[in-house]
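The values are calculated or read from the model by the stated rules, or taken from the named source; none is laboratory data. Quick caveat: nothing in here was measured; it's all calculated off a predicted structure. Neighbour counts run over all protein chains shown; Cβ positions are idealised from the backbone, glycine included.
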Amino acid sequence: MTIESYPAQSPYRAAGLLEDKVAVITGVGAAETIGAVTAALFVQEGAQVLAADISGAQKETAVALGTAAAPFQVDITREDEVEAMFAQAVETFGRVDILVNMAGTPGGRRGEEVTVEEYESLTSVHLLGTLLTNKHAVRVMAPAGGAIVNFSSAASFNIDKLNSPAYSAAKSGINSLTKSFAAHYGARGIRVNAVAPGFTLSKKNQRVPAEYLKELTGKAALGRAGEPEEQAHVAAFLASDRASYVTGVVVPVDGGWTVKLA
Ligand SMILES: NC(=O)c1ccc[n+]([C@@H]2O[C@H](COP(=O)([O-])OP(=O)(O)OC[C@H]3O[C@@H](n4cnc5c(N)ncnc54)[C@H](O)[C@@H]3O)[C@@H](O)[C@H]2O)c1
């Protein structure tokens, strides 16, 4: 399902899960990123969304979402830009209730192929980016409270030789940051959780060569890849008040890839 067709083709009726909430969502680049589909679901569920990305494509995403969304260009590794992103959300929508930090970049190199450049790029976007966005989210959310959903990966559990070790390590760091922020800010009414997707058919993964595609889809107990909206629905639940007693958890949304190891 694409952002253009969402929610028109969604099999689910909106439940007002995020009515009156203001969300900042990063990583909403091109249509069919998990972020763009998540932004569409959040709007469908009643939220107003600041749609943020580094690529420039956040403008198209926000236009497709209508008046409930506004675009913002951000590099989440730059603290001044992250601070400006939250200031823009407050200026546009009055406050911030939710952060979904989705922005990320895949790691391609395995084992001894890893370079310092790739390590630094992955660590910077995933680990530093999560640290900065979470830091400034809790700053603007307090004292009203709120919810943060970080995007980790099934790879954070170091499950497979197919994964880039630098990517896996950076995503493991996101799990740690998620728990750390949850522990520090629970008393202020801020819940912090993470979604750990398995192989999901966002736009870039639709271009994966056929032989890898077969191998990757075969990893899940369900025997298929995930769809972006299957990640988005879990993020929406975790961000909503229905998850009011859930904090500090990393939820695998992987069709049972990781459970096969249990
Ligand atoms: N698709 C999968 O199979 C899968 C699996 C596990 C985890 N994930 C994670 O889920 C998230 C979304 O995945 P996706 O497949 O939609 O990714 P994607 O690569 O299609 O989209 C990521 C978006 O993040 C943006 N971005 C990258 N660096 C940025 C930066 N420094 N600042 C701001 N924006 C930046 C990109 O421009 C892009 O729009 C990522 O964090 C990814 O690591 C995806």
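The table that follows gives values for the structure above.
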read-out: Wholly enclosed strands (runs of 3 or more DSSP E) of segment 1-110 bearing at least 3 residues among the aliphatic types (A, V, I, L, M), within 16 Å of the chain's Cα centre (by Cα) and closer than 21 Å to P228 by Cβ; value: 22-26, 48-53, 98-101
read-out: Criterion: in contact with a strand residue (DSSP E or B) (Cβ under 6 Å, 6 or more places away or on another chain) and either within 15 Å of the ligand (Cβ to nearest atom) or without any contact (Cβ under 8 Å) to a residue 40 or more places away in the chain (or both) - qualifying residue of A194, A166, A210; value: A194
read-out: Among the residues listed as E83, E91, E32, E45, the single one being within 13 Å of the ligand (Cβ to nearest atom) and acidic (D, E); value: E32
read-out: Cross-chain or 6+ apart pairs with Cβ under 8 Å, segment 89-103 first and within 13 Å of V149 (Cβ to Cβ), then at pLDDT below 95; value: D97/A144; M102/T33
read-out: Verdict on T130 being within 13 Å of the ligand (Cβ to nearest atom), part of a helix (DSSP H, G or I) and crowded, with 23+ Cβ neighbours inside 10 Å; value: yes
read-out: Among the candidates F237, F199, residue that is in contact with a Leu (Cβ under 8 Å, 6 or more places away or on another chain), within 20 Å of Y167 (Cβ to Cβ) and of a type outside the set (A, V, I, L, M); value: F199
read-out: Filter pass, T105 being more than 21 Å from A14 (Cβ to Cβ), hydroxyl-bearing (S, T, Y) and surrounded by fewer than 21 Cβ atoms within 10 Å (Cβ to Cβ); value: yes
read-out: Residue in segment 42-58 that is in contact (Cβ under 8 Å) with a residue 60 or more places away in the chain, at negative phi and surrounded by fewer than 22 Cβ atoms within 10 Å (Cβ to Cβ) present; value: no
read-out: Flag if E215 is at pLDDT 95 or above, within 26 Å of A30 (Cβ to Cβ), assigned to a helix (DSSP H, G or I) and not aromatic (F, W, Y); value: no
read-out: Cβ pairs under 6 Å, 6+ apart, first in segment 214-226 and surrounded by 14 or more Cβ atoms within 10 Å (Cβ to Cβ), second among the hydrophobic types (A, V, I, L, M, F, W, C) and part of a loop (DSSP other than H, G, I, E, B); value: L216/F199; T217/A225; K219/W257; A220/W257; A225/F199; A225/L201
read-out: Search result, residues across segment 176-193 that are in a helix (DSSP H, G or I) and either of a type in the set (V, I, T) or farther than 18 Å from H136 by Cα (or both); value: T178
